[in-house]
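The values are calculated or read from the model by the stated rules, or taken from the named source; none is laboratory data. These figures come from a predicted structure and were not determined experimentally. Heads up, the Cβs are rebuilt from the backbone with ideal geometry, glycines too, and the neighbour counts pull from every protein chain shown. The accessibility values were calculated without ligands, DNA or RNA, using every heavy atom of the protein model including side chains. Shrake-Rupley method; radii C 1.70, N 1.55, O 1.52, S 1.80 Å.
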Amino acid sequence: MKNMKKWNWTKILAIFVLITLIVSIVYATINLFLTPADAYLGEGEKTRGDYSLMIMQCLLGVIVLFLPSMLSKKMKFEIPDAMYIVFIIFLYCAIYLGEVQSFYYLIPNWDTILHTFSGAMLGGLGFSIVNLLNNNENVTLSMSPFFVALFALSFAVFLGVVWEFYEFTADSFGMNMQKTMLENGTPLEGHAAVADTMGDLFVDFLGALVIAIIGYISIRKKKGWMNKFEFKKVVNK
C-alpha cells in the first residue's frame, strides 16, 4: 500500500507536468500566429522566435517525459520514485518555468542553477546505469568505485556537451538558447558571446563532480547514500 501511494503521487505529478506542457504548446502556437513577424522584443514582450522556442522546448519536454518509462519497460528495469520525481521537477523548472514563464530572464542565475542541478542529476543517472550493469549476472563487468565515479562524471559531462550541441543547432534557426544576444536582439561578441555556453559546461561539471565524489565515498565506505536513486532489475517470475 505504501509503494502504491508513492507511485500514485509520482503519476499525478507527471500528469500535472504533461498537462502544463500541452497547455503551453497551445498558448505558444496561438501567440505565434498572432505576433507580427517584424515584432521586436520590448519590455515584457515576446517575439515569434520566442514562441517558436517555447513550442520546441515543450514538445521536447513531452517526449522526454515519457522516455524513462519507455526505456524501463523495454530494458526491464525499475526507476526509483525518488529519481523520477527529481527528473519531473527538473523538466517543470527548465521548460515551463524557464521558457514559458521566462524565469531565465526574470530570476538571476536560473540557468546556472538548473545546469548545476542537471549535472548532479545526470551524474546520479550514470551511477545507476553502471551499478545496474555491475549487478547483472549476464554482464561480465565489474568496475571499482573509482571507475564507477569516473563513468558517472564522464557520462554527465558528455550529455551536457550534447545539450550544448542542441542549443547551438536551435540558435542556427534564429533562437537564442546560448544567449549570444541580449534581450533586445543585440548580438554579443568575443568572450561575452561564449560566456553562457562555457558557464553551463563548467557548472555541469561541478554538479556531476559533487555527485561523483559522494557516490565514490558511498560505494567505498558502503554507506548506501545512492540506493534511493539506483535502478533495480525487474526479475521475471
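Mind checking the per residue accessible area of the range 88-220 for me, 1.4 Å probe, whole number of Å²?
Computed with neighbouring chains in place, this is 53 Å² per residue.
Please report, as a whole percent, how much of the solvent-accessible surface of the chain comes from carbon and sulfur atoms (probe radius 1.4 Å).
69 percent
So for the pair Leu150, Leu59, with labels modelled 7 Å out along Cα→Cβ, what separation do we get in nm?
The two pseudo-label positions are separated by 4.1 nm.
Provide the gained length on full extension for the span Lys223 to Phe202, in nm with one decimal, where the gain is 0.36 nm per separating residue minus the Cα-Cα distance.
Fully extending the segment from Lys223 to Phe202 adds 4.7 nm.
As a test of the formula, what do you get for the chain when each DSSP H run with n ≥ 4 contributes -39,500 (n - 2.57) and the sum is divided by the residue count, at 222 nm and rounded to the nearest 500 deg cm²/dmol? Before the final figure, lay out the partial values.
Numbers: 7 runs with 158 residues, N = 237.
Computed mean residue ellipticity for the chain: -23500 deg cm²/dmol.
Sorted from largest to smallest, which semi-axis lengths in Å does the alpha carbon gyration tensor of the chain give for its equivalent ellipsoid, taking the root of 5 times each eigenvalue?
The equivalent ellipsoid of the chain has semi-axes of 36, 22, 14 Å.
Taking springs between alpha-carbon atoms closer than 10 angstrom, which of Leu206, Leu150, Leu188 fluctuates most in the Gaussian network model of the chain?
Leu188
Taking 7 Å along the Cα-to-C-beta vector as the label spot, tell me the Thr169-Leu132 distance in nanometres, rounded to one decimal.
Distance between label points: 2.3 nm.
Out of Ser52, Ser118, Ser72, any idea which swings most in a Gaussian network model of the chain, alpha carbons joined below 10 Å?
The residue that fluctuates most here is Ser72.
For the range 42-135, what's the relative contact order in percent, using C-alpha pairs closer than 8 Å and at least 6 residues apart?
Over the range 42-135, the number comes to 25 percent.
Subtract the Cα-Cα distance of Ile15 and Ala195 from 0.36 nm times their separation in residues, and report this length gain in nm to one decimal.
Here the segment from Ile15 to Ala195 would lengthen by 61.2 nm.
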